[in-house]
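A short worksheet on the structure shown next.
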Ligand SMILES: *Cc1c(COP(=O)(O)O)cnc(C)c1O
């Protein structure tokens, strides 16, 4: 059976060669006679799998030595609580600032409010006009120069790729330029993690749920500057205290062993692709081709301002919502799956993560053309 083109926002398509390798090793990991999921997390074999995954991730992202890499659980949603529990204790007052770029950043802010004083540093939750073009809420980003960060905040949270809205930024500021040199930048990079090189050294921490671009659900990758570790609030669960997780090299309690193993295979696959600079070129080629098609079309429209369009998640609209069910049914008949947009935005969304080859985007564009011809 041919594999369909899976445009799901997450969990999402995996590199086929990774799935094949995992299948080949499923019953017997390299002569061990065991599946990785059967291994003790403290045994020699799994410890080796985990430390190799960490080493490959460090190499891919060029993670400096003074950052810890933690393999945790609970997804990015749990991390929204784990971060304030770990970082609010650093500041004299438990406060943190948030750049609202869409639904995920807003959820992060709301979760932080359970533990401290969370404030909005900047927001795109309103209409604006850019270059004469009216932009609806969540389809643009406020310039970094307009962010208002409290210099005594425990951290500033940004979401660098809004998976639902399709808004991406790499304008990660130097906090000194924002008048807040001591405030660490915390980045939710879940849905574009490993899609491009990332300036880790500009951040206090980066985190990502694996299921968008790095592996199976169940694993959260946290890269955190070591000086930010060790300030957890007393109410922080011990399994979520970065100090415990870092000291025990992600083995404070049983980590998601199989998910770590698969993510490790994805890291190896990325290295075979030529690393993050090479995968970035592929991602640029795919996204450019798709957005160029939409931009010349008078049938489809893309809500997001061209300057901040995500290379990973591409929301688009048909001219009439009445056409949506026919569009989706026709797409599925051609093996183009999961194109329905998030319910909060409506319309359609194509997620084209690392594992989506150019061929899949070409197949999507072929279908878009045919549908436009027959319904335009
Ligand atoms: C998917 C996603 C989340 C939530 O992830 P869960 O693993 O479902 O908790 C948070 N932030 C971003 C940017 C996401 O894409």
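The modelled label-to-label distance between residue 133 and residue 107, using points 7 Å beyond Cα along the C-beta direction, is 2.8 nm.
The modelled label-to-label distance for the pair residue 28/residue 301, using points 7 Å beyond Cα in the direction of Cβ, is 6.0 nm. An oblate overall shape is assigned to the range 1-79, the ratio a/c of its alpha-carbon gyration tensor axes (a ≥ b ≥ c) being 1.5 or greater and a/b not exceeding b/c.
I'd like the distance separating the alpha-carbon centroids of the range 312-376 and the range 21-89, in whole Å. Rounded to whole Å, the Cα centres lie 34 Å apart. In this structure, residue 365 and residue 55 have a Cβ-Cβ separation that, at R0 = 35 Å, corresponds to a calculated FRET efficiency of about 0.35. Extending 7 Å from Cα along the Cβ direction at residue 272 and again at residue 126 yields two label points whose distance is 5.1 nm. Normalised Debye scattering of the range 250-349 at q = 0.11, 0.17, 0.20, 0.24 Å⁻¹ gives log10 I(q)/I(0) of -0.52, -0.93, -1.06, -1.23, counting only Cα atoms as equal scatterers and leaving out solvent.
Using 0.36 nm per residue of separation minus the Cα-Cα distance, give me the extension gain between residue 17 and residue 65 in nm, one decimal. Don't skip to the answer; put the middle values down first.
Numbers: separation 48, 0.36 × 48 = 17.28 nm, distance 3.07 nm.
Contour length minus the Cα-Cα distance gives 14.2 nm.
The alpha carbons of the range 120-257 give a radius of gyration and a Dmax of 16.8, 54 Å, in that order.
Please find the FRET efficiency linking residue 182 to residue 117, where r is the Cβ-Cβ separation and R0 is fixed at 25 Å, and quote it to the nearest 0.05. Can you show the working numbers first?
Working: r = 17 Å, r/R0 = 0.68.
About 0.90, to the nearest 0.05.
Each peptide in 351-363, 14-26 gets a packing score, the mean of other Cβ atoms within 10 Å over its residues, and the list from highest to lowest is 351-363, 14-26.
Is the shape of the chain best called rounded, prolate or oblate, per the rule: a/c under 1.5 gives rounded, else a/b larger than b/c gives prolate, else oblate, with a ≥ b ≥ c the square roots of the Cα gyration tensor eigenvalues?
Values: a/c = 2.09, a/b = 1.15, b/c = 1.82.
Taking the square roots of the gyration eigenvalues as a ≥ b ≥ c, the chain is oblate.
Here the gap between residue 342 and residue 285, fully extended at 0.36 nm per residue and compared with their Cα-Cα distance, gives a gain of 18.1 nm. Among 244, 283, 213, the largest mean-square fluctuation in a Gaussian network model of the chain (Cα springs under 10 Å) belongs to 244.
Note on residue 92/residue 292: beta-carbon distance plugged into 1/(1 + (r/R0)^6) with R0 of 41 Å gives a FRET efficiency of 0.20.
The ranking of 200, 266 from fewest to most other beta carbons within 10 Å of each one's beta carbon is 200, 266.
Taking other Cβ atoms within 10 Å as a rough exposure proxy, 236, 159 sort from fewest to most as 236, 159. Cβ crowding within 10 Å ranks 343, 107, 268 as 343, 107, 268, fewest other Cβ atoms first.
No value in this document is a laboratory result; all are computed from the given coordinates. Note that the coordinates shown come from a computational prediction; the quantities given were computed from them, not determined experimentally. Because the Cβ atoms are built from the backbone with ideal geometry, glycine has one as well, and the counts that use them run over all protein chains shown.
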